[in-house]
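Asks: Right, I'll just put the structure down here and ask away after.
The values are calculated or read from the model by the stated rules, or taken from the named source; none is laboratory data. None of these values were measured; they are calculated from a predicted model. Positions of Cβ are backbone-derived with ideal geometry, glycine not excepted, and every protein chain shown enters the neighbour counts. Heads up: the accessible areas ignore ligands, DNA and RNA and are worked out on the full protein's heavy atoms, side chains in. Shrake-Rupley method; radii C 1.70, N 1.55, O 1.52, S 1.80 Å.
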Amino acid sequence: MRYLERTWGGALIMPRLPALSDRAQALKPSLTLEISARAKELLQQGQDICSLSAGEPDFDTPEFIVEAAQKALGDGLTRYGPAAGDPDLRAAVAEKLTVENGIPTKASEVLITNGGKQAIYNLFQVLLNPGDEVLIPAPYWLSYPEMARLAGASVNLIPSQADEGFRLDVDALERSIRPQSRLLIINTPGNPTGRVMQRDELEAVVDLLSRHPQLLVMSDEIYEFLLAEGQTHISFASLAEDLRSRCFTVNGFAKGWAMTGWRLGYLAGDEQVIKAAAALQSQSTSNVCSFAQRGALAALNGSRDCVRDMAASYNRRRRMLSDGLREIEGIVLEDPTGAFYAFPQLPTSINDSMDFCRRALEEVGLAVVPGAAFGDDRCIRLSCAVSRETIGDGLQRLRTMLHRF
Ligand code: PLP
């Protein structure tokens, strides 16, 4: 919409756009969008594009979950529901966290959200004030810093190295803590690295938490089911028994059950914080789609065979991708052990991932995500949630591209 500005005499002096808020102006558009928009454009022009940029499962949602939502729709579950979520689903999530994750949880300590994303957004909005700082281990999922800034907080990044498998340096993390540090983000298995944090590392973070009473922790466990053989998922809050009121768990149905479009996630933690986040939700989006929540309930109550089968399939393809990457000279990669990504460091002649990805797309038709989007400009993110043929083709194109540098 355009507003027209007029002088007192009524003469038109200039058209002007409505001013955007400082908040909107500070928001960085996703770096990844440029690459994916260009990839789509090239595809539409009939070019041969190979994309390893997907951030979502390539499976359809399991049939029994779809049927449960269809039934709910048929049964007339089409009205507003409680803003905090369907009570049965909240109870089922609480039960899951208690039994599977070792985090004793009541239904009143769970908020059902529009995806894991809204769980994180709501949590930041109700915990953070301007002047607060969020500690984010890098590489990180790209929405964390933007959401922290949207809540008025600043960001303190804790770097890690590809040749150390992106292991969190807990000593460096502790040295980074300042009086204004309020919230630490943990993400395991991690996006973009595919790294699964190990018990000793998590225990070291729990110890650190006990030494810094002002600090809270958000643990994003959305990839919990996507683990390589021999890996175990450990929920941060399960280790922090005495500090549980300072731990928040984010999770959702998108990755494990292939339900990205359903927009279903949850936040769990201290009841007062959950109440505040529910109040925020009641004034913004209200309840998550009523019949979709019935699908999520069916997912939780159903057999986990479908989740295990999908995870096994990613494992085979993740191995193919990381084996292929490690064979390329100059690439630094410790095998990812979770999620469906690999985040290799490119040969040292390349240190501008955006430029590399732009050229890869234009010159060899390979769409991959620049590491700059995740806080490491020497890396790129590749997804294995595509066919084996696409992985093979992508690796070949990557080799061709790297020869040009
Ligand atoms: N957390 C991480 C680490 C993610 O990668 C994603 C999605 O890509 C999310 C949270 C949000 O997932 P959802 O689709 O449930 O909002």
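Asks: If I take every Cα pair under 8 Å that is 6 or more residues apart in the chain, average their sequence separation and divide by the length, what percent do I get for the relative contact order?
Replies: Computed value for the chain: 23 percent relative contact order.
Asks: Give the distance, in whole Å, between the Cα centre of the range 344-385 and the Cα centre of the range 102-169.
Replies: About 24 Å separates the Cα centre of the range 344-385 from the one of the range 102-169.
Asks: In Å and whole numbers, how far do the C-alpha atoms of the range 171-224 stretch along each principal axis, longest first?
Replies: 31, 20, 16
Asks: Please pull out the direction-averaged projected area of the range 313-405, using the convex hull of its alpha-carbon atoms, in nm² to one decimal place.
Replies: 5.2 nm²
Asks: Additional query: I'd like the Kirkwood hydrodynamic radius of the chain, using the inverse of the mean 1/r over distinct C-alpha pairs, in Å.
Replies: 22.5 Å
Asks: Just from the alpha-carbon atoms, what are the Rg and Dmax of the range 124-246 in angstroms?
Replies: Gyration radius and largest Cα-Cα distance of the range 124-246: 13.8, 43 Å.
Asks: Oh, and also: List the GluC sites (Glu not before Pro) in the range 285-345 that DSSP assigns to loop (not H, G, I, E or B) and whose Cβ has at most 15 other Cβ atoms within 10 Å. Which are they?
Replies: Those that pass, being in a loop and sparsely packed, are Glu327, Glu329.
Asks: Please state the shape class of the range 81-171: rounded when a/c is under 1.5, otherwise prolate if a/b exceeds b/c and oblate if not, all from the C-alpha gyration tensor.
Replies: oblate
Asks: What is the Cα centroid distance between the range 199-227 and the range 228-249, reported in whole angstrom?
Replies: 6 Å
Asks: Rounded to two decimal places and with Rh computed the Kirkwood way over Cα pairs, what is Rg over Rh for the range 268-347?
Replies: Ratio value, two decimals: 1.21.
Asks: Along the charge dipole of the range 157-274, pointing to its positive end and built from +1/-1 on Cβ of Lys, Arg, Asp and Glu, which listed residue (Ala172, Ser238, Gly265) has its Cα farthest out?
Replies: Looking along the dipole axis, the top candidate is Gly265.
Asks: Continuing with this model, one more query. Asp220's amide H: which non-local residues (gap 5+, or another chain) put their own amide H closer than 5 Å, with H modeled 1.01 Å from N in plane and none for Pro or chain starts?
Replies: Ile186, Asn187, Thr188, Val250
Asks: Ignoring ligands, DNA and RNA, what accessible area per residue does the chain give at 1.4 Å, in Å²?
Replies: Accessible area per residue: 45 Å².
Asks: Considering amide H positions built from the backbone, and no H for Pro or chain starts, which residues 5 or more places from Val155, or on another chain, come under 5 Å of its amide H?
Replies: Sorted by chain and number, the residues that satisfy this are Val134.
Asks: A further question follows. Just going by the charge dipole of the chain, with Lys and Arg at +1 and Asp and Glu at -1 on Cβ, which of Ala153, Ser219, Val364 is farthest out on the positive end?
Replies: Ala153
Asks: For the chain, with all protein chains present and a 1.4 Å probe, just round the carbon and sulfur fraction of the accessible area to a whole percent.
Replies: 50 percent
Asks: Could you tell me what fraction of 2.2 N^0.38 Å the Cα radius of gyration of the range 4-159 comes to, as a two-decimal ratio?
Replies: For the range 4-159, the normalised Cα radius of gyration comes out at 1.51.
Asks: So, one more: Would you look at the GNM of the chain, springs on alpha carbons closer than 10 Å, and say which of Ala277, Ala26, Ala339 moves the most?
Replies: Looking only at Ala277, Ala26, Ala339, the largest GNM fluctuation is found for Ala26.
Asks: If we count every other residue with Cβ under 10 angstrom of Thr188's Cβ, Lys/Arg +1 and Asp/Glu -1, where does the sum land?
Replies: Value of the local net charge: -3.
Asks: Could you size up the charge dipole of the range 248-405 around its Cα centre, putting +1 on the beta carbon of Lys and Arg and -1 on that of Asp and Glu, and report it in debye to the nearest 20?
Replies: So the dipole magnitude of the range 248-405 works out to roughly 440 debye.
Asks: For the chain, modelled as a GNM with alpha-carbon contacts under 10 angstrom, which of Pro87, Pro336, Pro29 fluctuates the most?
Replies: Highest fluctuation of the listed residues: Pro29.
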